[in-house]
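**Student:** Input: one structure, supplied below.
Bear in mind these aren't lab numbers, they're just calculated from the coordinates by the rules spelled out. Please read these numbers as outputs of a predicted model, since none were measured by experiment. Cβ atoms come from the backbone with ideal geometry, glycine included; neighbour counts cover every protein chain shown.
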Amino acid sequence: MDLELSLRRAIDNKELVLHYQPVIDLGSHEIIGAEALVRWNHPEFGLLMPDKFIPIADETGFIIEIGKWVLYEACKQAKAWQEIGHESIFIAVNISAIELDQSQLINHVAGVLHTTELNPNRLELEITESVLMQDAEASIRTLHELKQMGVRIAVDDFGTGYSSLSYLRRFPIDIIKIDRSFAKDMGSDSDNSAIVTAIIALAKSLDLTVEAGGVETQAQLDFLHKAGCHHAQGYLFSHPVTADKLFALIEQRK
Ligand code: G
Ligand code: G
Ligand code: MN
Ligand code: NA
């Protein structure tokens, strides 16, 4: 069975689905947003996770089509949540290297915001630190165009790449997402605790919002709260879930 061939038909056959993982505000403990994470409901293999097909999609260029679909679905869903009473919910969407690199990205984003009527500042685009650094000058130009539309930019997997502080200052970014690998041992007397504390201080000195990923325990949450982290995500709050389940969680935590 050729995944590449069936991937081409996946969108038309409505086999792609989005799951949503909540983002929690550490001050209010409310759900303030969600990250859209794509899955492929494969007719033979069942629910496939992105690591099984995003690399193929990247190689074949099909990621452009998938990315367009994800952006549209995610913004439409965010608008729906807003219309049923959660006006300030934001949606975060992951953008891969190939998507960032193509000249149509700006037009796609503008088109989707127009069609869905989602407020641009309720859309957050997540780009990994290493992707941003591949061609830093080109990234800076693209990010400036996105910022001009009012979209917010998050640096994903922060701490795993090699961005220098001087570069970080030149990127027009809003949010730093600390990579989930740093959550391990957090709170105990470990290197990870020191790194997380330093990243939070750095983010604050640059006036950025800082979000921690991979939070699985109350001890990790307590540490982050004390360290002044703004937002968190992780299995402690919820795994990625369907849109309906996410809505129920939002209502529950209010
Ligand atoms: O839950 P999880 O297995 O969904 O996500 C694994 C990885 O796949 C994450 O690093 C995430 O950034 C990536 N990913 C998930 N959804 C998308 C998507 O819609 N587009 C892109 N480019 N990457 C995604
Ligand atoms: O790289 P990115 O942050 O875009 O991808 C999110 C990925 O992280 C998804 O695969 C998601 O399932 C996973 N994830 C989210 N929360 C946790 C967590 O608390 N622990 C672990 N181990 N993985 C998580
Ligand atoms: Mn992400
Ligand atoms: Na991440």
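**Student:** Of the numbered conditions (1) within 15 Å of the chain's Cα centre (by Cα); (2) crowded, with 20+ Cβ neighbours inside 10 Å, Pro50 fails exactly one; give the number of that condition.
**Tutor:** (2)
**Student:** Is it fair to say Asp25 is touching a His at 6+ places or on another chain (Cβ under 9 Å) and among the acidic types (Asp, Glu)?
**Tutor:** Judged against the criteria, Asp25 is a match.
**Student:** Just give me the residues in segment 200-229 being away from ligand 3 (no atom under 16 Å from the Cβ), surrounded by 17 or more Cβ atoms within 10 Å (Cβ to Cβ) and in contact (Cβ under 8 Å) with a residue 60 or more places away in the chain, in sequence order.
**Tutor:** Leu221, Leu224, Cys229
**Student:** Among the listed residues Asn94, Asn121, which satisfies the condition of being within 16 Å of ligand 2 (Cβ to nearest atom), polar (S, T, N, Q) and under 14 Å from Ile153 (Cα atoms)? Let's see the steps before the verdict.
**Tutor:** On the way: Asn121 fails: within 16 Å of ligand 2 (Cβ to nearest atom).
Only one candidate passes the filter, namely Asn94.
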